[in-house]
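Read-outs throughout are calculated quantities, based only on the coordinates presented, and are distinct from any laboratory measurement. Owing to the predicted nature of the structure, the values given are computational and were not obtained by experimental measurement.
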Ligand SMILES: [Zn+2]
């Protein structure tokens, strides 16, 4: 069962009011992130629902909002900060296609190479078998699968 995740809907800004400032503020503090206005704005857009956004997509959504348009580098650095603190998850499809995932629960991804979109694969619906022995002294911390898909 695959859940379609909205990646590129830049028209849907009315939902932003649903995630009120104080709760985002508390969430950032809980993760050890100082809640500046800019960080709160970025977190509100990304965390409004389960979605995968690139820094460019997120910047475009901010631009359609209340006229708050930080540079792409600022957006990217803020997203990296969020990922480093476990607020969101970074999904690196390849060096040119990095997405930030508001779903931090364990799961895998389908990546539509034609439309550059990610879809969640529930963790329990995919199993990796036949993993070769790990180097001595190491344990498996996580397995993250990206299945690249396209129309045939
Ligand atoms: Zn995901």
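A straight chain from residue 125 to residue 112 at 0.36 nm per residue would run longer than the Cα-Cα distance by 2.8 nm. Taking only the C-alpha atoms of region 39-146, the Rg (one decimal) and the largest Cα-Cα distance, Dmax (whole number), read 15.8, 54 Å. If the chain linking residue 152 and residue 36 were pulled fully straight, counting 0.36 nm for each residue of separation and taking away their Cα-Cα distance, it would gain 37.1 nm.
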